[in-house]
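**Q** Let me give you the structure first, and then I'll get to my questions.
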Amino acid sequence: MRLFSIIILFAVLSACNHQVVENRFNEKHRPQFHFSPPSQWTNDPNGMVYLDGEYHLFYQHYPDSNVWGPMHWGHAISTDLIHWEHLPIAIYPDSLGWIFSGSAVIDHNNTSGLGSEKNPPMVAIYTYHNHVMHDAGQNGFQYQGIAYSLDKGRTWAKYEKNPVLPNPGLWDFRDPKVVWHEASQRWIMALAITDHVGIYSSKDLLSWEYESDFGEGAGSHNGVWECPDLFPLTDDEGNEIWGLLVSVNAGGPNGGSATQYFLGEFDGETYTSFDTLTRWIDYGCDNYAGVTYSDIPAEDGRRIFIGWMSNWDYANQVPTEVWRNAMTLPRTLTLTKNENGYIFHNKPVDELKKSEAYAQSIEAEEAIELNDSLYHIQLEIELEEEGFLLELSNASNENVTFELNDTLFLFDRTNSGITDFSEKFDKLHTAPYSKNSENVKMDIYVDLSSIEVFINDGELVLTDLVFPTTPYQKVSIIKGQKHLKKGDVYSIQTIW
């Protein structure tokens with residue numbers, strides 16, 4: 001009888017636990033095909049690295065509150081960049097400070113000596129933030145430390161001689177992004193230092209030497225520089241081009257946080273941009289602190305990017321409770337050229353297509369009702385002088401609109417739903433657009449609390465949060481109906 005009771009109790013507890021897990025990702029506005037933490041606060045993606053079939057995503061996380069606080073590194077893995085398995089917290093704060101943003105690499109040659117030839121370490125390089133020094137107004141409160149794992153990121157040990165890069169007495173000294181530079185056989189670190197990027201080198205990940213600075217007179221300086229990422233790409237002619245991502249807070253093209261980028265050359269010591277123009281990876285308000293994956297296999301060859309899908313203007317106030325904030329769709333960065341030289345295109349990784357299924361076509365002359373809350377709209381438009389205007393709306397008379405003309409793309413979320421949590425949220429967002437082909441392609445990905453728009457395969461991108469009281473399930477073409485060449489809707493499966 002006692003054994004029977006124990007079995008029944010175990011079954012009840014298992015059922016309850018299953019229900020908790022199921023409910024955890026069914027909250028109102030919970031993203032259904034974007035990564036979000038099981039609970040509480042998240043911001044920057046960190047330590048994005050690939051190893052043995054697994055994409056690791058670490059992220060800034062505060063497990064005790066849904067607003068920003070003492071930072072940890074949360075952890076998840078995926079085999080396809082779309083479906084994620086949540087793992088225990090990887091790196092905790094200690095006596096040296098909170099664990100701010102950084103990167104991770106596979107030390108294949110065991111240059112650090114932290115692993116072995118047969119079992120090279122996964123090494124995380126991150127910023128320690130000494131909040132006691134910070135609160136006392138003392139400079140030098142940020143410095144770089146490392147931790148390492150010998151079991152594919154499941155458990156971590158901190159290097160006993162941290163910090164590996166002390167602070168020389170500066171206020172902002174953070175967010176190390178490390179890459180192996182094959183030509184010089186050294187590790188290269190890009191570090192955010194107030195309004196520029198410092199470049200450091202190391203042979204072993206343990207001792208670092210200053211090489212140079214980049215940033216004076218280049219790009220946007222309307223806010224503090226954060227989360228740099230320096231990496232090589234190859235153009236269609238086989239030329240090596242070095243990209244540099246730099247997040248800027250504030251001063252984005254539509255207010256608040258945003259990420260700019262440069263394209264140029266790197267000789268192992270100095271980064272030289274081709275020009276000093278300000279280029280934005282995304283013109284929306286909700287793509288920040290994005291960086292790219294390390295150690296993607298050569299046979300794959302992609303440069304894969306993920307950003308934090310929020311904005312410091314209102315990230316602590318968005319109307320969610322159980323969890324707060326999420327990541328953008330993973331995107332592939334590629335090089336192309338326009339009248340201003342090289343530019344990035346970025347569009348969702350191909351793996352997302354496996355979660356899509358054709359739903360219905362869009363009728364130009366009449367509104368259509370969707371059966372789905374999660375979907376991808378694919379349009380082809382012959383853009384004429386009158387322009388094109390698409391509306392998504394719901395039964396609560398809330399809507400968002402997307403307008404395209406010869407000079408601008410406009411994303412209006414002023415009537416998108418819940419907006420009163422911040423006076424900086426209720427805005428019309430614009431981006432410069434120059435028609436360079438007869439037809440324009442537009443891809444719109446709609447989740448329960450976000451919309452990502454990609455024009456011409458990611459030549460122009462806008463990512464914005466939305467918080468409708470009910471999902472947008474009505475699609476209407478308000479202007480330019482006769483110029484719609486093709487319109488299709490694809491439903492997207494939940495990843496949870």
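Every number in this text was worked out from the coordinates using simple rules, so none of it is lab data. Everything quoted here is computed from the prediction, not taken from an experiment. Cβ: placed from backbone, ideal geometry, glycine included. Neighbour counts: every protein chain shown.
**Q** Taking R0 as 35 Å, what's the FRET efficiency between K485 and N415 from their Cβ-Cβ distance, rounded to 0.05?
**A** 0.80
**Q** Within 10 Å of each candidate Cβ there may be at most 16 other Cβ atoms; applying that plus a DSSP loop requirement, which GluC sites (Glu not before Pro) in segment 397-496 survive?
**A** E423, E438
**Q** Can I ask one more? Spin-label point model (7 Å from Cα, Cβ direction): what's the D350 to T272 distance in nm?
**A** In this crude label model, D350 to T272 measures out at 3.6 nm.
**Q** Below 8 Å, C-alpha to C-alpha, sequence gap of six or more: please give me the relative contact order for segment 352-492 in percent.
**A** Over segment 352-492, the number comes to 41 percent.
**Q** Let me ask something else. Taking only C-alpha pairs under 8 Å that are 6+ residues apart, what is the relative contact order of the chain in percent?
**A** That works out to 13 percent.
**Q** Where the centre of each part is set by its Cα atoms, how far does segment 395-464 sit from segment 127-185, in angstrom?
**A** Measuring centre to centre over Cα atoms gives 38 Å.
**Q** I need the peptides 188-194, 52-58, 282-288 ranked by packing, meaning the mean over residues of other C-beta atoms within 10 angstrom, with the highest value on top.
**A** 282-288, 188-194, 52-58
**Q** Suppose the chain between L170 and N436 were pulled fully straight at 0.36 nm per residue; how much longer would it get relative to their current alpha carbon spacing?
**A** 91.2 nm
**Q** Placing +1 at every Lys and Arg Cβ and -1 at every Asp and Glu Cβ, with all other atoms neutral, what dipole size does the chain have around its Cα centre, in debye to the nearest 20?
**A** The dipole magnitude comes to about 1580 debye.
**Q** What whole-number distance in Å separates the alpha-carbon centres of segment 352-389 and segment 78-111?
**A** Distance between centres, Cα-based: 38 Å.
**Q** Another question, then. Per 0.36 nm of contour for each residue apart, how much would the distance between E423 and H86 grow if the chain were fully extended, relative to their Cα-Cα spacing?
**A** Fully extending the segment from E423 to H86 adds 117.9 nm.
**Q** Output the pairs from K353/K435; K354/K482; K435/K474; K177/K347 with a Cα-Cα distance over 24 Å in this structure; if there are none, say none.
**A** Going by Cα-Cα distance, K353/K435; K354/K482; K435/K474 fall outside the 24 Å limit.
**Q** GluC sites (Glu not before Pro), restricted to segment 214-298: which are DSSP loop and have at most 15 other Cβ atoms within 10 Å?
**A** E216, E237, E269
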